[in-house]
Each structure stands twice: as C-alpha cells, then as structure tokens.
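Report on the structure given below.
The values are calculated or read from the model by the stated rules, or taken from the named source; none is laboratory data. As the structure is a prediction and not an experimental result, all values here were calculated from the model. Methodologically, a virtual Cβ is constructed for each residue, glycine included, from the backbone with ideal geometry; neighbour enumeration extends over all protein chains shown. Keep in mind that these areas ignore ligands, DNA and RNA; they rest on the heavy atoms of the full protein, side chains included. Shrake-Rupley method; radii C 1.70, N 1.55, O 1.52, S 1.80 Å.
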Amino acid sequence: MTHVAIIITLFFVLYIIQEFFYRKLWSRKLTVEVSYGSRDAFEGQTVGFQETVWNGKRIPMPYINIRYTQSQHLRQTDLSGKSTYSGRDRSSLFAVPGKRRVTRKTLLVCEKRGFYVLSKGTVLSSDMLLSRTYRKDIELSESLTVYPREIEVSDIEIPYKRLCGEVLTKRFILPDPFEFGGVREYQPFDSFRQINFNAWAKTGVPMSNIYGHTVSQEVRIVLNMQRYSLFYRDGVFENAIRLAAFLARQYLEAGIPVSFVTNGLDCVTYAPGRAEKGRTMRHLREIYEILARMDISKNVICEPITAFLPEKSELNADGMVVALISSYDGGELYEWHNATVEAGVDVLWIAPRCEHDKNMYKGAVVAWEVPND
C-alpha cells in the first residue's frame, strides 16, 4: 500500500510540474504561419497553401490545433487533388517536437472571383497528459485576390467585331512607329515590319513590336451594377464583370488606351471603382483588382449609373469611345445613349442577360446571353 501511495504521489507531483510548465511556456517561442502560394490568381486556377508551426522550445507540443475561417469559394485539396475541406471553418492538427518546424502544404482551387483575407485565427494546445486546453488568438495577414475568369471569344454570342473591331476601326487605325510600346507574341495580322527579330532570337517565339497610335483617344468601359429586375441572377453580374475584364484586355493588347468606371462597390472600402486612362499591363492589373474586389451581395445598393457616365464635353474634347456594359435599361440610360450617339460619339451598349430576359432591350442594345455557370 505504501508503494501505491508513493506512485500516486509521484504521479501527482509530475502532473503538477508538467501542468505548471506547459501553462507558463506553451505559447513561448511558438510561431504559426498561414500563407498563400500566390498573391493573385484567376477563377478556376489552383494556388498553393501552406501552414507552418515552429516550436522553438525544447519541450514537445503534443498537439497544436490551428483554427481559422476561410471562404468556401476556396476549396482546399491535398497535393493529389482530393478535397480536404469545403466549408468556411478550417481546422488543422499538428504534433510538434521540441526545436522543430512542421509544414503542411495543400492546394486551393479558386472557384469564385473575390478578395479573400485571413485576418484572425485561434491556436489550441494542451499539456502532455491532455488534461488542460490552452487557447491563444493570433493575427494573420494573408490575402488572395482572385480575378474574374477570362472569357474566350468563342463564349461570346455577340459578334466579335462589334466588341473589338468596328467601333474602333475609324479611331485607331494609324500606328505611330516612333512610339514604341513593347513586344508581344506575333499575330497573323501583324506586318513584316512589326516583327522584332532580336526578341524572336532570345525567346524562340516569333515576337512583334507594339506601337502607339497617332491619336490620344481612349475607350471608356462603363460597368453598371444596378439591378435590372427583382429576380436578377448573380451569374448575370458575374459575367458582366468578366466581360469588362475581357474588353479591357483586348483593347490594351491592341495598344489602345483604356479607362474604366463602375458604380459597383469595393468589398473593403465600399467606394465605387475607377481607373484613369492607361495603356500598360500594370494598368490592366489595376482594372482586374477593381473587378475582383467588387461586392455584388444583395445588401449592397449601387448609385444610379447616370452619375458615372462621361459628360458630353468630355466625350467631344477627347474623342472618347464608350463601351457600356449594363443589363439595367432604365429610360434615363436610353436618353443618355441616344443623345450621345446623336452627338457623333461611338457607344457600344452590351446587355448581359439570362434566357428569360430576351425581350427586355430595344434596338440600340446588343444583348448577350451569358453562359450558365
């Protein structure tokens, strides 16, 4: 009986000692990092995702449980592509020896456009006997911007020439060979004089020079996010956003300056998006950022698009071409459109719609039935 009492006493003393040390030291020299493998991606792409725990103490940690909230539109898979998490609440369990770093790598499938932020998390741990649970809140500072999926020309039912050809032909047909704008891959319509043989030799791919234009006109892309009916479909707005990205890329790759304005609200600042005239790939990324961060949830109310349309004086002074993307077709928008066209300004109005909206629009509008997601 004495031996049993001694064993029980020793066990109790050891329990008190280890509980004391773990309670005081468990979070010391303990670092938790959660990071994306990329700062940005496009819808449908896969990015790396990494969780790392560094235990700088000599005493081992029997378990470290990391908990955080991540959007369900970022579907987590293992490296073989098998789904591991699909909900919002994520939880990862680690066993970390003393003086060791443990890293777990997974993948995230970006299923929807958006701006995703990891700002807060929780770390849970215990003593060696798993008798107590310790908790600590941690600050995370990771963000991932998912740009809208790029639309292929074949996905667009409206004629491609109406989008990127006819409206601009009489405005931007004279390249200026003295204004060099960079290089890009050779296209069948490029002239022999455009070929950059030095770049071809370096890359092994035929490359062409990009020249500026002798005029300073621009294309103004106007994206209207006003709800066009009580029974609107989110997919219509998502495809309108994708169409804006498509147009910006097509015009900029052709060397045409583009500006962009929308009444859609940023999901962080809740301010309307705007990008001044530019013609570089960096400018295209700026437009993509605006489109990625646009909030189309049902509790967001946008200002009328008429407050964002260019004035007649601005149109006449700069020779601006307007590409209006709007499923909303209120009377004040038709009035602006008709008055602007009568003033000699080129306006292309594209209305994304779903199948039951076929008869909504008048002759001035090019209706585009969006694909089903």
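In the range 322-353, how many residues are over 19 Å from Ala240 (Cβ atoms) and either of a type in the set (Ser, Thr, Tyr) or not in a helix (DSSP H, G or I) (or both)?
Final tally of qualifying residues: 5.
If a residue has to be assigned to a strand (DSSP E or B) and either touching a Lys or Arg at 6+ places or on another chain (Cβ under 7 Å) or not β-branched (Val, Ile, Thr) (or both) to count, how many in the range 17-41 make the cut?
The total comes to 6.
Take residues that are without any contact (Cβ under 8 Å) to a residue 60 or more places away in the chain and open to solvent by 10 Å² or more (accessible area, probe 1.4 Å) and tell me which of the strands (runs of 3 or more DSSP E) falling wholly in the range 57-129 contain 2 or more.
Qualifying strands (runs of 3 or more DSSP E): 61-69, 83-85, 89-96, 100-110, 114-126.
Starting from residues that are touching a residue at least 12 places away in the same chain (Cβ under 8 Å) and among the polar types (S, T, N, Q), keep the ones in the range 1-50 and report whichever is surrounded by the fewest Cβ atoms within 10 Å (Cβ to Cβ).
If we take residues in the range 1-50 being touching a residue at least 12 places away in the same chain (Cβ under 8 Å) and among the polar types (S, T, N, Q), then Thr31 is surrounded by the fewest Cβ atoms within 10 Å (Cβ to Cβ).
Applying the selection to the range 265-292, what residues are open to solvent by 50 Å² or more (accessible area, probe 1.4 Å) and assigned to a loop (DSSP other than H, G, I, E, B)?
Once the filter is applied, which keeps residues that are open to solvent by 50 Å² or more (accessible area, probe 1.4 Å) and assigned to a loop (DSSP other than H, G, I, E, B), the range 265-292 yields Val268, Thr269, Tyr270, Arg279, Thr280.
Looking at (1) at pLDDT below 90; (2) touching a Leu at 6+ places or on another chain (Cβ under 9 Å), can you tell me which one Arg88 breaks?
(2)
Checking the structure you have, find out if any residue of the range 307-316 is more than 27 Å from Phe115 (Cα to Cα), assigned to a loop (DSSP other than H, G, I, E, B) and free of Cβ contacts under 8 Å to residues at least 12 places away in the same chain.
The answer is yes, given that some residue of the range 307-316 is more than 27 Å from Phe115 (Cα to Cα), assigned to a loop (DSSP other than H, G, I, E, B) and free of Cβ contacts under 8 Å to residues at least 12 places away in the same chain.
Take the range 130-140 and flag every residue that is closer than 27 Å to Ser71 by Cα, surrounded by 11 or more Cβ atoms within 10 Å (Cβ to Cβ) and either of a type outside the set (Ser, Thr, Tyr) or modelled with pLDDT under 90 (or both).
Arg135, Lys136, Ile138, Leu140
Is one or more of the residues making up the range 251-260 open to solvent by 30 Å² or more (accessible area, probe 1.4 Å), assigned to a strand (DSSP E or B) and more than 15 Å from Pro148 (Cβ to Cβ)?
No, that holds for no residue.
Can you name every residue in the range 321-361 that is surrounded by 12 or more Cβ atoms within 10 Å (Cβ to Cβ) and modelled with pLDDT under 80?
Cys354, Asp357, Met360, Tyr361
Looking at Leu247, is it out of contact with any Pro (no Cβ under 9 Å at 6 or more places or on another chain), modelled with pLDDT of 80 or more, crowded, with 22+ Cβ neighbours inside 10 Å and in a helix (DSSP H, G or I)?
Answer is yes for this residue.
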